[in-house]
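Please treat every number below as a calculation from the coordinates, not as lab data. Because the structure is predicted, anything quoted here is derived from the model rather than measured. Counting neighbours? That spans all protein chains shown, and the Cβs are built from the backbone with ideal geometry, glycine included.
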Amino acid sequence: MKVDTKVFKVITLSACILILVYLACVEDQTVRHLIMKSWEGNSSVLRDFSESETEQPCTPLSNVVFIKTHKTGSTTIQSILYRYGLSRNLSFVFRRQNKRNGHIPYGHITESTPRKLFLPVLEKVNCSYKGYNISAIHVVHNRPVMETYMNPGSKYITILRNPASQLMSAFLFFHLDRKVKGNSTELKLINFMNGTTWKKSPYGRNGQSHYLGLNQSDFDNHTKIKEMIQTLSKELHLVLISDYFEESLVLLKHELCWSFGDVVFTVQNNRSRPKPPLSPVLLQKMRSFNYADFLLYEHFNRTFWETIKKKGPKFWRDLREFKRVQNETMQKCFNSSTMQPTFNLSGDMNSFCEQYAGSARLFEYLFDKQTRKC
Ligand SMILES: Nc1ncnc2c1ncn2[C@@H]1O[C@H](COP(=O)(O)OS(=O)(=O)O)[C@@H](OP(=O)(O)O)[C@H]1O
């Protein structure tokens, strides 16, 4: 009798353990299976089901205005949007005359901008310049005007980078160092900030605030800077932070209700020259020179982390999962953790790995598709 009770206890305990292990495996396999499926292009339907246990079901969104800032990792984000739009036949805002990349760098659009500045939307019998799905070009942010082009309910998103590293990247990339004297990059940058040549280039001072609507004449106007930040807080649904790139992509995935596979990335434009370390003196100088960008960054960096905090532990689980999917995709396509420069392009933009080959190639394909006589 004593032996029977013991056996009974052992059997009950083993059964409980088996049930627990089974449940854990089923959950894991379901998630994994659905992620694999999302790679096959069925992400939207399956994702709603997979995440219903942990978050509200949602519908993937296809209407996005991405305000592309300079030297912030914005081309990497743009390539994600291009890839998404390519596989779903979405219409993009591209400047018709700029066949190289469709941008209007530091250009303003207003109510009187001729519609024909852009390529028409796809799939309309007559040429139409209303109802675009995605804008991801360089153009100065103006939400009321953008709303007249875009589909209703579009999400407004941008990306910011620590203004010290952004300035250094722009200073070298746009060859602003050639315009000033000095026998080191640090000295040249100090001379650039002390002088007036920055006025001749939109890339050199407060480049991020400038794209987000701050006029050059207001760079030293504290009230105007604060007003810009307040307006952006109301107008933008999400501000990504380049310095926390993967965290940003998880927020992007959440905001747009996309799959992890949808926000997988390959680094674009990682091509600027080696940069000197930032000394405390240089940093202090950059802070007062790029005052608007520092205030802008500090504000949205703070709200970025507040948003993440509100999401609780699920955010960190999603980040882990995203890193796994990111790495798995890179391994699958490039046998490495990143895309290799030697990657052999086949030219078939519908092939799974080809879509990671870069923003420039995706742009060419999308631009050609949308081009027609009007
Ligand atoms: N994923 C990711 N994470 C972190 N940093 C990244 C990422 N992708 C691009 N980059 C860096 O962003 C810089 C290029 O930015 P942009 O694409 O906005 O440049 S551009 O203005 O469109 O030319 C460029 O920075 P610098 O190398 O300092 O110049 C890229 O290296």
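Taking only the alpha-carbon positions of the range 129-247 and ignoring solvent, what does the Debye formula give for the base-10 log of I(q)/I(0) at q = 0.13, 0.14, 0.20 Å⁻¹?
Debye output, listed in q order: -0.63, -0.72, -1.18.
What's the local net charge at Leu86, with K and R +1, D and E -1, over the other residues with C-beta under 14 Å away? Show your work: numbers first, answer last.
Working: positive: Arg83, Arg88, Arg361, Lys369; negative: Asp262, Asp348, Glu354, Glu364, Asp368.
Around Leu86, the surrounding residues sum to -1.
Given Lys275/Lys323; Lys71/Lys332; Lys124/Lys369; Lys68/Lys99; Lys224/Lys310, which pairs have Cα atoms separated by over 19 Å?
Details: Lys275/Lys323 28 Å; Lys71/Lys332 29 Å; Lys124/Lys369 13 Å; Lys68/Lys99 17 Å; Lys224/Lys310 30 Å.
Too far apart for the 19 Å limit: Lys275/Lys323; Lys71/Lys332; Lys224/Lys310.
Using alpha carbons only, how many degrees (0 to 90, rounded to 10) separate the axis of helix 185-194 from the longest principal axis of the chain?
60
Highest GNM mean-square fluctuation, the chain, Cα pairs closer than 10 Å: which of Lys323, Lys311, Lys285?
Lys311
Ranked highest first by the average count of other Cβ atoms within 10 Å around their residues, in what order do 184-191, 147-154, 76-83 fall? Intermediate results must be reported in sequence, preceding the final value.
On the way: 184-191: 17.2, 147-154: 15.2, 76-83: 24.0.
Sorting 184-191, 147-154, 76-83 by mean packing, highest first, produces 76-83, 184-191, 147-154.
Shape verdict for the chain, please, from the Cα gyration tensor: rounded (a/c under 1.5), prolate (a/b greater than b/c) or oblate.
Working: a/c = 2.04, a/b = 1.55, b/c = 1.32.
Prolate, since a/c reaches 1.5 and a/b exceeds b/c.
Please turn the phi angles of the range 133-146 into ³J(HN,Hα) values with the Karplus equation 6.51 cos²θ - 1.76 cosθ + 1.60 (θ = phi - 60°), one per residue in order, whole Hz, x for glycine and proline.
Each residue of the range 133-146 in turn: 8, 9, 10, 9, 9, 6, 7, 5, 4, 8, 4, x, 6, 4 Hz.
I'd like to know which of Asn133, Tyr211, Tyr244 lies farthest towards the positive end of the charge dipole of the chain, counting +1 on Cβ of Lys and Arg and -1 on Cβ of Asp and Glu.
Tyr211
Can you give me the relative contact order of the range 269-374 as a percent, contacts being Cα pairs under 8 Å and 6 or more apart? Numbers along the way, then the final one.
Details: 25 pairs, mean separation 9.6, N = 106.
9 percent.
Contact order normalised by length for the chain, with contacts defined as Cα pairs under 8 Å and 6 or more residues apart; what percent is it? Could you put the intermediate results ahead of the total?
On the way: 492 pairs, mean separation 79.4, N = 374.
21 percent.
With +1 on each Lys and Arg Cβ and -1 on each Asp and Glu Cβ, how big is the dipole of the chain about its Cα centre, in debye rounded to the nearest 20? Don't skip to the answer; put the middle values down first.
Numbers: 51 positive and 32 negative charges, 230 e Å.
Its charge dipole is roughly 1100 debye.
Expressed as an acute angle from 0 to 90° and rounded to the nearest 10, what is the orientation of the C-alpha long axis of helix 74-87 relative to the principal long axis of the chain?
Taking Cα atoms only, the helix is inclined about 60 degrees.
Could you work out the helix-only [θ] at 222 nm for the chain, with each DSSP H run of four or more residues adding -39,500 (n - 2.57) and the total divided by the number of residues, to the nearest 500 deg cm²/dmol?
Numbers: 13 runs with 180 residues, N = 374.
Roughly -15500 deg cm²/dmol at 222 nm, from the helical runs in the chain.
How do 238-244, 335-341 rank on mean C-beta neighbours within 10 Å, highest first?
Working: 238-244: 20.7, 335-341: 11.0.
My ranking of the peptides, most packed first, is 238-244, 335-341.
For Lys155, what residues show an amide H to amide H distance below 5 Å, using hydrogens built from the backbone and excluding near sequence neighbours?
Correct list: Asn63, Val64, Val65.
What is the angle, in °, between the Cα long axis of helix 163-173 and the longest principal axis of the Cα atoms in the chain? Nearest 10 is fine, range 0 to 90.
Approximately 60 degrees, to the nearest ten.
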